[in-house]
Amino acid sequence: GFLLDNATHSARAAALVRAWFVTPATRMRPSARFSQGIPGRCDGRGIGLIDFHDAFLSVVDAARLLEQAPGAPWSATDQTALLAWFTEWLEWQIASDEGHAEAAAQNNHGSFYDLMAAGIAVYAANHSVASAICAAAPAKRIAVQVAPDGSLPLEDKRSKSQGYHAYDLEALLQLAALCDRLGAADLFSFETADGRGLRNALAFLAPYAAGDEPWPWKQIQPFQREMYTPIFRWAA
């Protein structure tokens with residue numbers, strides 16, 4: 001609706017966001033307690049949080065656009081209610097056992113935990129949480145996940161290792177962009193003494209993205225060079 005200046009589309013988008021996050025009878029509870037539950041084994045798992053990152057960050061971006069969309073579909077009352085919902089979610093994500101497990105994850109799950117928490121914290125004007133995540137990311141994420149040669153050893157072991165390299169770097173690069181805009185940390189330039197950094201990770205992937213070298217690890221699906229397009233766009 002915002003991009004096409006179409007009030008009908010804007011109204012529909014606002015109705016969907018309102019149904020999921022505002023209206024008491026239909027809204028989701030601000031918790032992922034039961035995400036990725038397995039009947040007979042567990043009610044929910046911390047790794048289920050990763051399923052929410054893209055949707056939730058898209059919602060907070062969309063809400064900002066809806067404030068300026070044609071037909072004024074998103075009121076100040078709506079915005080206050082949505083902000084309250086994500087404030088509750090952020091509190092749950094930080095304090096819950098599931099959140100603690102994901103925050104401690106050293107692979108792409110930890111990267112996406114940080115990206116989602118920091119992005120929602122910025123939306124909720126909780127800059128102390130976002131800044132703390134950004135400040136910790138160089139040592140906690142990049143130095144742990146990126147090898148001196150630029151590879152991602154924690155993702156190499158996956159049966160779809162190529163996709164997981166792209167997946168993890170997508171999270172780290174988006175987090176770097178967020179931290180840069182917040183003025184909290186420079187993840188793009190960070191590099192350890194032995195070469196662990198995002199720039200080296202991109203340099204490592206470049207010949208594979210260009211098709212100049214064969215992928216060296218297990219990949220049970222066809223190699224998809226286009227998966228790296230958004231990675232290098234974010235880097236640029």
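Descriptive notes on the structure:
- Rel. contact order, % - alpha carbon contacts under 8 angstrom, at least six apart, the chain: 16
- The chain pair-distance distribution - Cα-Cα, 10 Å bins, rounded %: 7, 28, 31, 23, 9, 1
- Packing-based ranking of 170-178, 113-121 yields 113-121, 170-178, ordered from highest to lowest mean Cβ neighbour count within 10 Å.
- Separation of alpha-carbon centers, the stretch 34-75 and the stretch 173-208, rounded to whole Å: 26
- For the stretch 205-236, the residues whose amide N sits under 16 Å from a probe point set 7 Å from the Cα of Arg199 along the beta carbon direction are 205-206, 235-236.
- Label-point separation, Ser189 to Val144 (7 Å along Cα→Cβ), nm: 2.5
- Residue-level accessible surface for Trp92, protein heavy atoms, 1.4 Å, Å²: 50
- Normalised convex hull volume, the stretch 21-116, alpha-carbon set, Å³ per residue: 104
- Ellipsoid fit via the Cα gyration tensor, the stretch 1-64: semi-axes of 30, 13, 8 Å, each the root of five times an eigenvalue, largest first.
- Subtracting the Cα-Cα distance of Ala72 and Ala25 from 0.36 nm times their residue separation leaves 14.6 nm of extension gain.
- Dipole axis of the stretch 8-135 (+1 Lys, Arg; -1 Asp, Glu on Cβ), positive-most option in Val59, Ala15, Val122: Ala15
- Thr80 versus Ala136: modelled label distance in nm, points set 7 Å from Cα along the beta carbon direction: 3.3
- Two-decimal ratio, the stretch 168-236, of alpha-carbon radius of gyration to 2.2 N^0.38 Å: 1.22
- Relative contact order (%) - the stretch 159-223, alpha-carbon pairs under 8 angstrom, separation at least six: 41
The values are calculated or read from the model by the stated rules, or taken from the named source; none is laboratory data. Treat the numbers as computed from the prediction; the structure is a model and nothing was measured. When we count neighbours, we look across all protein chains shown, and the Cβ atoms used for this are built from the backbone with ideal geometry, even at glycine. These area figures cover heavy atoms from the full protein model, side chains too; ligands, DNA and RNA do not enter into them. Shrake-Rupley method; radii C 1.70, N 1.55, O 1.52, S 1.80 Å.
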